[in-house]
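J.: Sharing a structure here in C-alpha cells format.
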Amino acid sequence: MNEKLAFSQVDFSYGERMLLSSFDLVVKKGDFVSLIGPSGIGKSTLFQLAAGLLQPQAGEIRIDGVATKERLGKIGYMPQSDALMPWRTVVENAALPLEIQGCSKKEAQRRVREELPRYGLSEWADAYPHELSGGMRQRVSFLRALLFGSDLMLLDEPFSALDGITRLELQEWLLQMWRQTGSTMILITHDIDEAILLANRVILLSGSPITAPVEREVPISYPRSTASRNLPAFLELREEIWRLLRQAAGARVQGGVVHG
Amino acid sequence: MDKGKRGIWFAASLLLFLALWEAVCRLLAIPPFILPPPSSVLHALWELREPLFGQHLWATLEEVLIGLGISIVFGSLLAFAMNRSRLVERIVYPYIVISQTIPIIALSPVFILWFGYDISGKIAVTVLFTFFPIVVTTYDGLRGTDREMIRLLQTMGATPWQIFTKLQLPSSLPAFFSGLKVAATYSVSGATIGEWLGASEGLGYFGRRASGNFQAPALFASVLLLSLLGMLLFWLVGYIGQRYMPQTRKK
C-alpha cells in the first residue's frame, strides 16, 4: 500500500457547526493534490486536522497506512503568511525546525547554508525577512518546511499574497522542487488555474458539512510549465471544475446555508 | 530632520531658555529663595559637590537600581507565570488592573510603615512604582505573539518550552523594553518619594531639607541631579534595547 495520508470516516465540528461528516480522502505517496473550494468551507481546518493541531471527533487519520493520533512533528506545514520571525536572518529562520529537533544551532545553520544555493537564496543568507521580496520570503518559508524533514507537505495558499508575475514564477519553481524531492504535496488554493497546473489530482470540497469530495485526475503529463495552461485538456478541466464549483455554490444558497 | 540637526536645535533652545531665566531673575530682582537664577544653581551644585556627589547621589542610585532590579526579576517572572497558567492569570490580572488605578503615592507611607526607614523602605516604594509597568507590558508582549507562528512551531513538534524560548520570549522583548523605559523614569520618582517619607541621605532627602531651610539653589541642584538621573536611565534602557534586542540587532 503506497498510501501517504488518509482520512477515514472523519467527523469534525466547531461547536454547533459540522464541517466534516464521514469524510474520506486518500493521498498516495508522491502525489501532488490540490484542494479547491469556496472560502469558509473548512479547508484550513482540514490541514489543522492533518497536521495534528486538531483531533477528529470520530474516524481516523492515517499516515503511511498507520492510524496516528500524535501527528505534530510528522508533517511539514507551510502557512498562508510566510510566518518568518522578523528577528531571525534567512539562515536562522530556515534552521528553526532543525533546532527544534535538537540539532545544535551551529550544525543546523551549516546544513541550511548547504541548501541555500538550490533555492536561489545564497546571497541572502544573512538578510532579515523585511529586506526580502514576498516571493523570496515564501521560498525561505518553503525551505524551512522542507528542512523539517517530512516527505509530506501541506501548503496553505502559499502564493495568495503575491503579485501575478511572482506567482507564476513560484508555481514553476514549486513544480521543480516537487519533482526533485519526490515529496507528497497537498495544496490549498482558491485559484483554479493554479490547482490544475500544479497537481496530478484536483479535489473539490463542497457542501456543509463536507462529505463526499469530487476528484478529478489532471490528464496532463509532467514536466509542465506556464504554457501548459493553453492545452485543450487544461481548458476543458478548468471549465468542468468551474461548473462544479458554481453548482456547489448554488446548492449552498438554495439550502439556505451561506458561509462567508 | 536628522539627529545632528535636532541636537543643535535643542541645545540652542535650552541655552535661550536658561538665558531668559537668568535675565528674568536679575531684571525683576526675584528673591533667590523663590527662584534662583541658573548661575546660582550651578554655583550651589559646585559648592555642595562633596555631599551631593559623594553621598546623596549614590544613596539614591543604590535604591533606584536595587528597586528596579527587583521589579525586573519578579515582574518578568510573574508575567511568565501568567502567560503559562490561566489560573494564575485569572487570579492575578484583576489586581494588576486595579493597582494601576489607585494613587501609588498614597500607598507609599504604608510601605515605609512595613519596610522601615532604612534603605529597604525606599527600595519597597521604588518597587511599588516600577513593578506594574513591567508586569503589564511583558505580559501583553507575551500574549501578543502571532498565533499562526505558534501553530507552525507546534506542527514542527516544538515543546511548550521551545515555543516560549524561541518565539514568545524574543517577540515580547520590544514590549518589555518599552515598559522598562517607563519603569526607569518611575524608579527615580519612587526613590525620591521614599526618601521624603523618612531618610537620612539621598537626593530626595537632601532636596526636602533644602526646601525646609529655604535654600532654593541647593533644592534646585538636587532636582537637577534627579532629573539627569531619570534621563540617563531612560536613555540607557533605550540603548540596551537597541543594542541587544533581536528585532533591532544588525550585523
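The values are calculated or read from the model by the stated rules, or taken from the named source; none is laboratory data. Because the structure is a prediction, the values reported are computed rather than measured. Positions of Cβ are generated from backbone atoms using ideal geometry, with glycine treated the same way; all protein chains shown enter the neighbour counts.
J.: What is the number of the single condition among (1) farther than 30 Å from A:Asp82 by Cα; (2) within 14 Å of chain A (Cβ to nearest Cβ) that B:Thr130 does not meet?
T.: The failed condition is (2).
J.: Which residues, taken from region B:161-181, are among the charged types (D, E, K, R) and either surrounded by fewer than 18 Cβ atoms within 10 Å (Cβ to Cβ) or away from every other protein chain (no Cβ under 13 Å) (or both)?
T.: Of all residues in region B:161-181, those among the charged types (D, E, K, R) come to B:166, B:181.
Passing the criteria: only B:Lys181.
J.: Can I ask one more? (1) closer than 16 Å to B:Leu153 by Cα; (2) within 11 Å of another protein chain (Cβ to nearest Cβ): which one isn't true of A:Cys103, the others all being true?
T.: Just one mismatch for A:Cys103, condition (2).
J.: Using the structure shown, decide if A:Phe12 is within 27 Å of A:Tyr222 (Cβ to Cβ), surrounded by 17 or more Cβ atoms within 10 Å (Cβ to Cβ), of a type in the set (A, V, I, L, M, F, W, C) and away from chain B (no Cβ under 14 Å).
T.: Taking the combined requirement at face value, the residue does not satisfy it.
J.: Could you check region A:61-71 and list, in sequence order, the residues that are farther than 15 Å from A:Lys4 by Cβ and either more than 12 Å from chain B (Cβ to nearest Cβ) or modelled with pLDDT of 90 or more (or both)?
T.: Answer for region A:61-71, where residues must be farther than 15 Å from A:Lys4 by Cβ and either more than 12 Å from chain B (Cβ to nearest Cβ) or modelled with pLDDT of 90 or more (or both): just A:Lys69.
Each row is one residue, and each column tells you yes or no for (1) out of contact with any Pro (no Cβ under 6 Å at 6 or more places or on another chain); (2) at pLDDT 85 or above.
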residue	(1), (2)
A:Ile192	yes, yes
A:Ala195	yes, yes
A:Leu198	yes, yes
A:Leu205	no, yes
A:Ile210	yes, no
A:Pro213	yes, no
A:Glu217	yes, yes
A:Ile220	yes, yes
A:Asn230	yes, yes
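J.: To continue, here is another question. Taking the conditions exactly as written (more than 14 Å from the chain's Cα centre (by Cα), within 14 Å of chain A (Cβ to nearest Cβ), surrounded by 19 or more Cβ atoms within 10 Å (Cβ to Cβ) and modelled with pLDDT of 90 or more), does B:Gly207 satisfy them or not?
T.: no
J.: When A:Arg144 is evaluated against the numbered criteria (1) within 18 Å of A:Pro79 (Cα to Cα); (2) part of a helix (DSSP H, G or I); (3) at pLDDT below 90, which criterion, by number, is the only one it fails?
T.: Checking A:Arg144 against (1) within 18 Å of A:Pro79 (Cα to Cα); (2) part of a helix (DSSP H, G or I); (3) at pLDDT below 90, the one that fails is (3).
J.: Which of the residues spanning region B:1-45 are assigned to a loop (DSSP other than H, G, I, E, B) and in contact with a Ser or Thr (Cβ under 8 Å, 6 or more places away or on another chain)?
T.: Once the filter is applied, which keeps residues that are assigned to a loop (DSSP other than H, G, I, E, B) and in contact with a Ser or Thr (Cβ under 8 Å, 6 or more places away or on another chain), region B:1-45 yields only B:Pro32.
J.: So which of B:Ala158, B:Ala184 ends up being closer than 28 Å to B:Gly54 by Cα and either aliphatic (A, V, I, L, M) or surrounded by fewer than 23 Cβ atoms within 10 Å (Cβ to Cβ) (or both)? Break it down into steps so the answer makes sense when it comes.
T.: Details: B:Ala158 fails: closer than 28 Å to B:Gly54 by Cα.
Unique residue meeting the criteria: B:Ala184.
J.: Do you know which residues across region A:40-54 are assigned to a helix (DSSP H, G or I) and either within 11 Å of chain B (Cβ to nearest Cβ) or within 13 Å of B:Gln154 (Cα to Cα) (or both)?
T.: A:Ser44, A:Phe47, A:Gln48, A:Leu49, A:Ala50, A:Ala51 - these are the residues of region A:40-54 that are assigned to a helix (DSSP H, G or I) and either within 11 Å of chain B (Cβ to nearest Cβ) or within 13 Å of B:Gln154 (Cα to Cα) (or both).
J.: Scan region A:18-66 for residues that are surrounded by fewer than 16 Cβ atoms within 10 Å (Cβ to Cβ) and without any contact (Cβ under 8 Å) to a residue 12 or more places away in the chain and jot them down.
T.: Hit for region A:18-66 is A:Val66, nothing else.
J.: Another question about this same structure. Does B:Ala106 meet the test of being part of a helix (DSSP H, G or I), more than 14 Å from chain A (Cβ to nearest Cβ) and surrounded by fewer than 14 Cβ atoms within 10 Å (Cβ to Cβ)?
T.: yes
J.: Okay, next question. Looking at (1) out of contact with any Pro (no Cβ under 7 Å at 6 or more places or on another chain); (2) outside any loop (DSSP other than H, G, I, E, B), which is the only condition A:Gln138 fails?
T.: (1)
J.: Among the residues of region B:135-154, write down those that are within 18 Å of A:Arg88 (Cβ to Cβ) and among the β-branched types (Val, Ile, Thr).
T.: B:Thr145, B:Ile150
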